[in-house]
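The values are calculated or read from the model by the stated rules, or taken from the named source; none is laboratory data. What you see is a predicted model; the values in this text were computed from it and never measured. Note: ideal-geometry Cβ built from the backbone for every residue, glycine included; neighbour counts use all protein chains shown.
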Amino acid sequence: MAISVVQRAADIFGFSVEFRGYRAGDSALAELGEALPEETIQGVRSSDAAIKGPVGETAKDVIVRLRQMFDLYANLRPAKVYPGVRPLMDGVDILIVRENTEDLYKGYEFELPGSAVALKVVTERASRRIAEYAFREAERRRKHVTIVHKSNVMPKTDGLFGRVAKEVASSHPGVSYREMYVDAASMALIRDPRSFDVLLTMNVYGDILSDEAAQVVGGLGMAPSANIGEKMALFEPVHGSAPDIAGKGLANPYATVLSAAMMLDWLSQAKGDPRLEKASKLVESAAVTALRRGIATPDLGGKYKTSEVGKGLEAVMVELGG
Ligand SMILES: NC(=O)C1=CN([C@@H]2O[C@H](COP(=O)(O)OP(=O)(O)OC[C@H]3O[C@@H](n4cnc5c(N)ncnc54)[C@H](O)[C@@H]3O)[C@@H](O)[C@H]2O)C=CC1
Ligand SMILES: CC(C)CC(=O)C(=O)O
């Protein structure tokens with residue numbers, strides 16, 4: 001779906017795109033013996049940008065590895081109410097900025113006799129660069145950051161993250177901020193989601209809170225994401241392989257389509273090509289128009305299959321793109 005939408009945008013705005021497909025995930029493990037084959041790693045490395053679909057139970061060996069391998073340190077997870085969806089509350093527009101390379105997802109787990117241990121890794125460098133990213137994003141939005149951690153229980157690790165985030169806050173006087181413990185933040189996301197603009201948090205909390213925020217704005221089928229590094233970026237829907245609905249044509253494709261829009265926007269800045277920015281805007285506005293017209297899967301109350309939503313969306317792109 002992402003490919004056809006990007007190709008359609010390319011046709012409309014007159015730029016060329018070369019798509020290369022690479023295997024990863026459960027099927028790659030079963031058929032090739034590796035969830036993340038070397039060819040896929042090289043493919044990601046040599047591309048201008050990458051987009052990943054759901055890969056299943058081996059997600060840790062694919063996406064967590066790619067994030068760390070290519071230092072894709074900023075995980076951007078917007079949670080925004082689109083027309084035609086059924087949100088818990090209207091008017092919500094949150095950007096979760098999640099540190100993407102450290103914390104318990106670093107993968108240092110050990111078994112001992114009768115117990116198991118995981119190391120939570122937090123560095124000043126990674127905390128500072130993600131906080132800088134979040135405050136810069138807030139400057140372009142509603143100028144408010146909520147810093148989320150649990151330093152009352154983990155004063156060394158989460159304490160470091162919170163301290164560095166507040167130091168960064170002091171160099172962005174135009175952006176206001178508040179601090180919340182993650183348990184209180186998860187409650188506030190339900191009770192008062194409109195009070196959030198940018199939510200800056202650590203890796204594990206960001207993973208969990210972004211599923212919650214997605215549900216607040218209409219469900220995981222509406223949640224795109226970006227994994228951004230200094231020079232590379234990889235885009236993916238927040239959701240997984242949805243085994244309960246897989247193969248039935250029920251999966252909502254908007255999360256993937258909106259991830260493709262994020263990719264075009266990132267590429268427009270990376271390449272300095274305004275046609276790519278126009279393409280990104282067209283994909284998003286076509287999604288808005290299609291959703292207004294009820295072109296949606298059953299999770300949104302629609303009656304269309306995944307592929308029908310894709311065709312409908314492309315038709316709207318052509319209509320809006322001229
Ligand atoms: N970043 C990644 O690659 C991720 C991978 N996963 C993997 O995906 C597999 C399934 O994980 P789950 O915990 O079940 O999470 P999931 O995100 O696949 O599904 C959770 C719920 O959301 C629904 N859902 C997800 N995507 C949807 C869509 N596009 N349209 C409509 N409904 C949708 C599902 O039907 C399910 O009820 C696991 O193997 C997990 O490891 C899960 C989350 C993220
Ligand atoms: C490895 C993934 C399943 C973890 C996750 O849900 C994510 O980081 O998006």
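Side notes on the structure shown:
- Enumeration of residues in segment 220-231 that are surrounded by fewer than 20 Cβ atoms within 10 Å (Cβ to Cβ) and either more than 15 Å from ligand 2 (Cβ to nearest atom) or closer than 17 Å to Glu284 by Cβ (or both): Gly229, Glu230, Lys231
- Just one of the listed residues (Val198, Val238, Val204) is of a type outside the set (Gly, Ala, Ser) and closer than 20 Å to Gly91 by Cα, namely Val198.
- Members of segment 5-44 that are under 19 Å from Gly312 (Cβ atoms) and surrounded by 17 or more Cβ atoms within 10 Å (Cβ to Cβ): Val5, Val6, Arg8, Ala9, Ile12
- Sub-8 Å Cβ pairs linking a first residue in segment 43-54 that is at negative phi to a second residue that is among the aromatic types (Phe, Trp, Tyr) and within 16 Å of ligand 2 (Cβ to nearest atom), at least 6 apart or interchain, are Val44/Phe70; Arg45/Phe70; Ala49/Phe235; Ala50/Phe235; Ile51/Phe235; Lys52/Phe235, ordered by first then second residue.
- Summed over segment 15-34, the residues that are out of contact with any helix residue (DSSP H, G or I) (no Cβ under 7 Å at 6 or more places or on another chain) and not acidic (Asp, Glu) give a count of 7.
- Taking strands (runs of 3 or more DSSP E) as the structural unit, those lying wholly within segment 108-204 and holding at least 2 residues that are surrounded by fewer than 17 Cβ atoms within 10 Å (Cβ to Cβ) and under 25 Å from the mean Cα position of the chain (by Cα) correspond to 176-181.
The rows are residues; the columns are (1) over 30 Å from Asp192 (Cα atoms); (2) within 15 Å of ligand 2 (Cβ to nearest atom).
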site	(1), (2)
Val55	yes, yes
Arg65	yes, yes
Ala74	no, yes
Ala79	no, yes
Leu88	no, no
Asp93	no, no
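- Residues being surrounded by fewer than 19 Cβ atoms within 10 Å (Cβ to Cβ) and outside any loop (DSSP other than H, G, I, E, B) - total across segment 67-79: 2
- Here the condition is being under 23 Å from Val238 (Cβ atoms), out of contact with any Lys or Arg (no Cβ under 7 Å at 6 or more places or on another chain) and not assigned by TED's automatic domain parsing to the domain that holds Pro173; of Val97, Val55, it holds for Val55 alone.
- Output for segment 245-261, where each listed residue is within 16 Å of ligand 2 (Cβ to nearest atom) and more than 21 Å from Arg292 (Cβ to Cβ): Ala246
- Every listed requirement among (1) farther than 23 Å from Met89 by Cβ; (2) among the acidic types (Asp, Glu); (3) crowded, with 19+ Cβ neighbours inside 10 Å is met by Asp244 save one, (3).
- Residue within segment 86-98 that is of a type in the set (A, V, I, L, M), buried (at least 22 other Cβ atoms within 10 Å of the Cβ), under 17 Å from Gly240 (Cα atoms) and under 19 Å from the mean Cα position of the chain (by Cα) present: no
- Test result for Ile63, without any contact (Cβ under 8 Å) to a residue 60 or more places away in the chain, assigned by TED's automatic domain parsing to the domain that holds Leu258 and out of contact with any helix residue (DSSP H, G or I) (no Cβ under 7 Å at 6 or more places or on another chain): no
- Helices (runs of 4 or more DSSP H) fully within segment 220-322 that include at least 3 residues being under 21 Å from Asp207 (Cα atoms): 254-271.
- So Gly56, is it more than 18 Å from Ser225 (Cα to Cα) and either outside any loop (DSSP other than H, G, I, E, B) or within 16 Å of ligand 1 (Cβ to nearest atom) (or both): no
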